[in-house]
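J.: Let me give you the structure first, and then I'll get to my questions.
The values are calculated or read from the model by the stated rules, or taken from the named source; none is laboratory data. Note that the coordinates shown come from a computational prediction; the quantities given were computed from them, not determined experimentally. Counting neighbours? That spans all protein chains shown, and the Cβs are built from the backbone with ideal geometry, glycine included. Remember, those area values only see protein heavy atoms, side chains included, never the ligands or the DNA or RNA. Shrake-Rupley method; radii C 1.70, N 1.55, O 1.52, S 1.80 Å.
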Amino acid sequence: MIDIFLTVFRYIFLLMLFVFIFQLIKMVFRDIKYGQPGGAPPRVNRAGGAAEISGRDIAPLPGAAAGLAVLGSSDPGLQAGNVYPLKGGDELTLGRGGRNIILLGDPYASVDHAAFYGKDGQYWLEDRGSKNGTYLNDIRIDKPTVLADGDRIRIGGVTMQFVRWSYEVESGNRSGPHKEAKRG
Amino acid sequence: MVIRESGRGNEIKLLVLAGLYLAAGAAAAYLWAGGDPRPYVIGASAPALAFLLAAFLFQALRFKADPFLLPVVAVLSYTSLIMLYRINQFYAVRQFIWVLAGLTLMFLTTRLFTNYRRLSDYKYIYGLMGAVALIIPIFFGTEEGGAKSWLNFGAFHLQPSEFVKILVVLFLASFMSENRMVLARDTVTVRGISLPGPRSWGPLLGMWGISLLLLVFQRDLGTALIYFGTFLAMVYVATARMLYIGVGLVLFMGGGTFSYFLFGHVRQRVDIWLLNPYNFIDLGDRAYNQAYQIVQSLFAIGAGGLTGTGLGGGYPLFIPAVHTDFIFSAITEEMGLLGGVGIIILYVFFIFRGFKIALESRDDFSKLLAAGLTALMGFQSFTIIAGVTKLLPLTGVTLPFISYGGSSLLANFIILGMLMNISHEANTHE
């Protein structure tokens, strides 16, 4: 008689382990599906990113016709309000790798994420095969795209704005179907 | 917010289920061993109620930590109590006290170090304390199970390296969060390939040196492996550069090969692992003990089959040190492949939640601390489970929350408390 009870309890013991595990998995799934505060990349603006700035508010930097201004950043090394000027035929590279000019210490940034450069009198933003994408006015770009003053660039938790101080080229003269879709 | 509040509800529900698991185990143990029923009732109800009390206190204090960590640890501790009772009642009684002490310590950690960030201010103090605590056993330590890492205080033995683990992770987390940008930017370009520069090499080599010292002077293979693995994981979290991992692995393999040829105890373990361990049994020297252990462990795991021999139905006492390093074999023998896999699933869950906490926290120190503590737990459980199943050479470390031993259990409960603090912090500012 005792043997039967012993066998029964031995199996209940093992069974309870798995009842627990299944219940745990169920609850965790529910947690992942519905209860997710945080974890999303653009948490920066909520945490007090800089307000809208326009190119006119930022003092022109000598020798530069355009640049990138940081609006908000998840990386303490990249302060909101910092301006990175683009000089002549240079290229501003963005990424997490140490050789980049703008170092993005953001978990969603790739080592070599994107590049910003001037070509044919226009300013271009190009994604360099990043994993989580480069967003121009909240649309992911997949080929080099021309920038206009005030365009917002987002990489992971870092948002930047393209600012332009001199206008050799009309800002309406742009290519890239994404932009037109956005502007309607 | 509603979902966060119900998190504690989940925790309590899961703890009730865990309590039923413990009750079933205690009932089986009573039917198997017999005797006075009262110790079984106390032995099962006290830990179950203590865990539930902790959950209710968290609810009352509006503690917003991850609700799944505590139940997972509860089931691991309950498994420990049942298995130890079955192996040797003396160990079970002591473990019972250690579990309650650990739980208290965990609760105190969540109360006293809620503002854990200020811990990052004293990093060089930890560095120093850790170094001293590691060096002391080399001179005053006693040897147990081939590792000279114990301090004998008469009534109880203390293994400082269990606590030093936490200090090492705290030190590394504060050091790296302070120097993260330096580490990530520091590069030397050689023929177009960017390599980490000299400022990054210093800490890497330093940590490698500490691991080797542990290996040489304390003969504590497992701890050396865990320290170095945790360090590499944290470097990767800080810099996201695979190159460090590659360099670290090369260094590790270099150190491993070096010690294989230089130290008898390392060579022995690797030989037992690579060659057929059954061959060593007839040799009759020290190698015999370790080979015998592994062979008995494999027999035990094999005897378990799918659902095991049932609690009390196997012969786990044939394995030397079954209550500490080899407890996983005993679990697999008596609860079968299902029981063993169940335990592994629980560890995986713990690690998953730990990394999730690291992802959710918002500053570098918290991220590195959570990731480091989780990596530590992961490496430790992997190392010993791989050791007793002969996937890797055997290195004597404890199975977190399950192996018998006060130092290890208390240290692991402190880690649990720290992870819950980081999780609370991350969820508070949503």
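J.: Identify, among B:SER366, B:ILE344, B:SER381, the residue whose Cα sits farthest towards the positive end of the charge dipole of the range B:322-387, taking +1 on the Cβ of Lys and Arg and -1 on the Cβ of Asp and Glu, with the dipole about the Cα centre.
T.: Positive-end residue among those listed: B:SER366.
J.: Note down the net charge around A:PHE9, summing +1 for each Lys or Arg and -1 for each Asp or Glu among other residues with Cβ under 14 Å from its Cβ. Walk me through the numbers on the way to the answer.
T.: On the way: positive: A:ARG10, B:ARG86; negative: A:ASP3, B:GLU334.
Summing Lys and Arg as +1 and Asp and Glu as -1 gives 0.
J.: With runs of 4+ DSSP H residues as the only contributors, calculate the mean residue ellipticity of chain B at 222 nm using -39,500 (n - 2.57) per run, divided by the residue total and rounded to the nearest 500.
T.: Values: 14 runs with 314 residues, N = 430.
After summing the helix terms and dividing by the residues of chain B, the value is -25500 deg cm²/dmol.
J.: Can I ask one more? Sketch the reach of a paramagnetic label on B:TYR278 as a point 7 Å from Cα along Cα-to-Cβ, and name the residues of the range B:368-392 whose backbone nitrogen lies under 12 Å away.
T.: Within reach of a label on B:TYR278: no residues.
J.: Going 7 Å from the Cα of B:LEU243 along its beta-carbon direction, which residues of the range A:109-125 have the amide nitrogen within less than 16 Å of the resulting point?
T.: The answer is A:111-113.
J.: Right, next: My understanding is that a pair violates if its Cα-Cα distance is over 21 Å; which of A:LYS26/B:LYS13; A:LYS33/B:LYS367; B:LYS356/B:LYS390; B:LYS13/B:LYS165 do that in this structure?
T.: Numbers: A:LYS26/B:LYS13 12 Å; A:LYS33/B:LYS367 23 Å; B:LYS356/B:LYS390 30 Å; B:LYS13/B:LYS165 32 Å.
Flagged as over cut-off: A:LYS33/B:LYS367; B:LYS356/B:LYS390; B:LYS13/B:LYS165.
J.: Before anything else, pin down the relative contact order of the range B:365-420: Cα pairs under 8 Å, at least 6 apart, normalised by residue count, whole percent. If you can, show how the numbers build up before the last one.
T.: Values: 37 pairs, mean separation 15.6, N = 56.
Relative CO of the range B:365-420 lands at 28 percent.
J.: So for chain B, averaging the separation of alpha carbon pairs under 8 Å that are six or more residues apart and normalising by length, what relative contact order in percent results? If you can, show how the numbers build up before the last one.
T.: Details: 606 pairs, mean separation 94.3, N = 430.
Answer for chain B is 22 percent.
J.: Can you check what the net charge comes to around B:PRO316, using other residues whose Cβ is under 12 Å from the Cβ of B:PRO316 (Lys, Arg +1; Asp, Glu -1)?
T.: Numbers: positive: B:ARG86; negative: B:GLU333, B:GLU334.
In short, -1.
J.: If you don't mind, another one. Would you mind giving the total buried accessible surface between chains A and B, with a 1.4 Å probe and ligands, DNA and RNA left out, rounded to the nearest 100 Å²?
T.: Values: alone 11210 and 19000 Å², together 26390 Å².
The contact between B and A buries close to 3800 Å².
J.: Now for a separate question. Please give the net charge around B:GLY378, taking every other residue with its beta carbon less than 15 angstrom from that of B:GLY378, where Lys and Arg add +1 and Asp and Glu add -1. Numbers along the way, then the final one.
T.: On the way: positive: B:LYS165, B:ARG353, B:LYS356; negative: none.
After counting each charged neighbour, the total is +3.
J.: Let me ask something else about it. Ordered by packing density, taken as the mean number of other Cβ atoms within 10 Å over each peptide's residues, highest first, how do B:299-307, A:98-106, B:169-177, B:118-126 rank?
T.: Working: B:299-307: 17.2, A:98-106: 20.1, B:169-177: 23.7, B:118-126: 14.8.
Peptide ranking by packing, descending: B:169-177, A:98-106, B:299-307, B:118-126.
J.: Moving on. Tell me, how many Å apart are the Cα centres for the range B:256-282 and for the range A:70-110?
T.: What the calculation gives is 51 Å, centre to centre.
J.: Sort largest first and round to whole Å: the equivalent ellipsoid semi-axes of chain B, each the square root of five times a Cα gyration tensor eigenvalue.
T.: Working: eigenvalues 229, 182, 67 Å².
Taking √(5λ) for each Cα gyration eigenvalue gives 34, 30, 18 Å.
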